[in-house]
Structure formats: structure tokens, C-alpha cells
Amino acid sequence: MIVINRMLERVNGKPTVVIIGNLTIDYVEGGERRLGGPPSCCGVFLAPRTKVSVISNIGYDFPSEWIDSLKNIGIDVSRVKITPKSAVFKLKEEENGRSIIAPSTGFSIPPNSVDITVDVGIPVLGEIGPSLLEI
């Protein structure tokens, strides 16, 4: 809850919140695919409160209906770039928590591709360099 409160404090009053990080394909037990990654989680949380824009990479294998669902709730995905592969995670619930395997980490987001100030940066596996985030 502390992280959510800090995020809301940081973005409160901004006309648009820019979130950077890779959208992911998450496979859960049983083989079900789900939309994942910090931009989707934060974006879905913030979209009812403010305008949201996402900077991310997705692969050719990323379901287009997931992008459509983000658009349908008002998230700007115009800065989502298509790359050869998506970031993919396999999630498995275990007795002591969840294990996560990353068969594909996706691609990095180059600093020269970002033309706007980033408000929320949450890398999945190093796709965001420190130069993109203000400390």
C-alpha cells in the first residue's frame, strides 16, 4: 500500500501519467495466458483516475486484443513498439509463494526512443536504463 500511495502522490494532478516498462505475456498454471507487466497493472489502476500513456515493447506474438483492451479503458498505447519477441513469464504457485521463470525477457527500451518525461518506471528485467528514470 505504501508504494501505491507514493505513486499516487507522484502523479496526483498531472494531466497524463507516463509509465515505462515492458508489457508481458504471463502463463499461469494450466497454460492460461494473461496480460502482465507493470505498465498494465499500474495503467489499469490509474486509468480511472487520470490519463495514462505507456512506453513499452511487445513482440509479434503479443495478442492484439490485449492492446485493444488497454485502449478501451483509455490508456494511450501509441508509444508501444513492436519488437521480435515479447517478455514472457511462467508463473507457478508453490507452497512457499510463487515461482517465476522468464523464458523470454523481451527487449530493452533505448533512451533515445523516449520523447517524454517518465512518471512511473518499473522494469521487469532490466529493460529500462537508469538514464530514463529521475531519482
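The values are calculated or read from the model by the stated rules, or taken from the named source; none is laboratory data. Bear in mind the structure is a predicted one, so any value in this text is a computation, not a measurement. Note that we place each Cβ from the backbone using ideal geometry, even for glycine, and neighbour counts take in every protein chain shown.
Checked against (1) modelled with pLDDT of 90 or more; (2) within 19 Å of residue 128 (Cβ to Cβ), residue 46 meets all criteria but (1). Inclusion of residue 77 among residues that are of a type in the set (A, V, I, L, M), in contact with a Lys or Arg (Cβ under 8 Å, 6 or more places away or on another chain) and at negative phi is warranted. Restricting the range 90-135 to residues that are in a strand (DSSP E or B) and either surrounded by fewer than 10 Cβ atoms within 10 Å (Cβ to Cβ) or of a type in the set (D, E, K, R) (or both) leaves a set whose member that is modelled with the highest pLDDT is 90. For the range 30-47, a residue qualifies if it is in a strand (DSSP E or B) and either of a type outside the set (Lys, Arg) or in contact (Cβ under 8 Å) with a residue 12 or more places away in the chain (or both), and the qualifying residues are 33, 35, 36.
Which of the residues that make up the range 17-29 are in a loop (DSSP other than H, G, I, E, B) and acidic (Asp, Glu)?
Taking the range 17-29 first, the residues in a loop (DSSP other than H, G, I, E, B) are 21-23, 28-29.
Correct list: 29 only.
For the range 48-69, the candidate set comprises residues that are of a type in the set (Ser, Thr, Tyr) and in contact (Cβ under 8 Å) with a residue 40 or more places away in the chain; within that set, the residue that is nearest to residue 122 (Cα to Cα) is 56. Residue 65 meets each of the listed conditions (1) touching a strand residue (DSSP E or B) at 6+ places or on another chain (Cβ under 9 Å); (2) modelled with pLDDT of 95 or more; (3) more than 24 Å from residue 101 (Cβ to Cβ) apart from (1). Kindly provide the set of residues from the range 48-89 that are within 14 Å of residue 17 (Cα to Cα) and either touching a His at 6+ places or on another chain (Cβ under 7 Å) or in a loop (DSSP other than H, G, I, E, B) (or both), ordered by number. Correct list: 48, 49, 50, 74. State yes or no: is residue 40 under 12 Å from the mean Cα position of the chain (by Cα) and over 24 Å from residue 16 (Cβ atoms)? For residue 40, the condition - under 12 Å from the mean Cα position of the chain (by Cα) and over 24 Å from residue 16 (Cβ atoms) - is not met.
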